[in-house]
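The structure under discussion appears below in the form of structure tokens.
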Amino acid sequence: MRIGQKNGCVRQWAPRGSRPRQPADQRYESAYIFGAVCPARDTGAALMLPKANTYAMQLHINEISAHVSAGAVGIVIMDQAAWHTTARLDWPDNLRAMFIPPASPELNPAEQIWQYLRQNYLSNRMFATYDAILDAACEAWTKLLGEAGRITSIATRNWAVTGQ
């Protein structure tokens, strides 16, 4: 998920007849949250990186692999972005890639995680510096992990649950 100074605005509650202010920024600094969640264990792993490319994806795969339980195999559900499908990625033995069809973000549980982070922690804000972007992204991810049951409630897909 990209987060930056060109951040989105979401609806907010306000007294009837008032017009609440929505901050908007014209600068272009941004960072990317590479995150993965495990709904069965209600946990996740993430990296905050400056670019979305093959090198960043390899770092992300390595991070996910380090968080998979011993003896288990993790399934990484991804769209078909170029840095997801390249043959240059080195997949560890404890991870498998599962690619969803193009133009179907509703099948990817991570998309709902990103939507939740934006709606609850990252929208309607302005970030003064790149470091402020990173701090906000890290804080949002930490808060998500701290909410017991939140990842499970957002990311569980009945079609993906087997033998649990």
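Of the conditions (1) in a helix (DSSP H, G or I); (2) exposed (fewer than 15 other Cβ atoms within 10 Å of the Cβ); (3) at pLDDT below 90, C9 satisfies every one except a single condition; which number is it?
So the condition that C9 fails would be (1).
Residue by residue through segment 105-164, note down the ones that are out of contact with any strand residue (DSSP E or B) (no Cβ under 8 Å at 6 or more places or on another chain), closer than 20 Å to L47 by Cα and part of a loop (DSSP other than H, G, I, E, B).
S123, T129, E147
Would you please name the residue that is surrounded by the most Cβ atoms within 10 Å (Cβ to Cβ), looking only at residues in segment 35-50 that are more than 13 Å from the chain's Cα centre (by Cα) and not basic (K, R)? Talk me through it step by step, then tell me what you get.
Our first condition is that a residue be more than 13 Å from the chain's Cα centre (by Cα); within segment 35-50, this holds for 39-42, 50.
Adding the requirement that they be not basic (K, R) leaves 39-40, 42, 50.
Details: P39: 20, A40: 15, D42: 17, P50: 13.
Checking each candidate, the answer is P39.
I need the full set of residues from segment 88-140 which are at positive phi and not hydrophobic (A, V, I, L, M, F, W, C), in order please.
From segment 88-140, those at positive phi are 103, 124; that's our starting set.
The one that is at positive phi and not hydrophobic (A, V, I, L, M, F, W, C): N124.
Here is a list: D79, D90. Which entry is of a type in the set (D, E), surrounded by fewer than 17 Cβ atoms within 10 Å (Cβ to Cβ) and either in contact (Cβ under 8 Å) with a residue 12 or more places away in the chain or more than 20 Å from R2 (Cβ to Cβ) (or both)? Working first, answer last.
Values: D79 fails: surrounded by fewer than 17 Cβ atoms within 10 Å (Cβ to Cβ).
After applying the criteria, what remains is D90.
Does L95 satisfy being surrounded by 12 or more Cβ atoms within 10 Å (Cβ to Cβ), farther than 16 Å from V37 by Cα and in contact with a helix residue (DSSP H, G or I) (Cβ under 6 Å, 6 or more places away or on another chain)? Steps first, answer last, please.
Working: surrounded by 12 or more Cβ atoms within 10 Å (Cβ to Cβ): yes; farther than 16 Å from V37 by Cα: no; in contact with a helix residue (DSSP H, G or I) (Cβ under 6 Å, 6 or more places away or on another chain): yes.
Against the criterion (surrounded by 12 or more Cβ atoms within 10 Å (Cβ to Cβ), farther than 16 Å from V37 by Cα and in contact with a helix residue (DSSP H, G or I) (Cβ under 6 Å, 6 or more places away or on another chain)), L95 does not qualify.
Kindly indicate the residue of segment 108-132 that is over 26 Å from C38 (Cβ atoms) and touching a residue at least 40 places away in the same chain (Cβ under 8 Å) and also surrounded by the most Cβ atoms within 10 Å (Cβ to Cβ) among those meeting that condition.
Initially, segment 108-132 is screened for residues over 26 Å from C38 (Cβ atoms), giving 124-132.
Filter once more, so that each one left must be touching a residue at least 40 places away in the same chain (Cβ under 8 Å): 124-127, 129-130.
Details: N124: 17, R125: 16, M126: 11, F127: 23, T129: 11, Y130: 14.
By that ranking, first place goes to F127.
Return the residues of segment 25-84 that are basic (K, R) and more than 21 Å from T156 (Cβ to Cβ); say none if nothing qualifies.
Narrowing segment 25-84 to residues basic (K, R): 27, 41, 51.
If the condition is that a residue be basic (K, R) and more than 21 Å from T156 (Cβ to Cβ), then R27, K51 are the ones that fit.
Please find, within segment 51-74, the residue that is nearest to the chain's Cα centre (by Cα) out of those that are touching a residue at least 24 places away in the same chain (Cβ under 8 Å) and not in a helix (DSSP H, G or I). Give the steps one after another, and end with the answer.
Just the residues of segment 51-74 that are touching a residue at least 24 places away in the same chain (Cβ under 8 Å), to begin with: 52-54, 56-65, 67-69, 74.
Applying the additional criterion that residues be not in a helix (DSSP H, G or I) yields 52-53, 68-69, 74.
Working: A52: 12, N53: 15, V68: 17, S69: 20, G74: 17 Å.
The qualifying residue nearest to the chain's Cα centre (by Cα) is A52.
Which one of A103, A128, A155 is among the aliphatic types (A, V, I, L, M) and at pLDDT 90 or above? It would help to see each step written out before you state the result.
Working: A103 fails: at pLDDT 90 or above; A128 fails: at pLDDT 90 or above.
After applying the criteria, what remains is A155.
The values are calculated or read from the model by the stated rules, or taken from the named source; none is laboratory data. The model shown is predicted, which means the values in this text are computed figures rather than measured ones. Note that we place each Cβ from the backbone using ideal geometry, even for glycine, and neighbour counts take in every protein chain shown.
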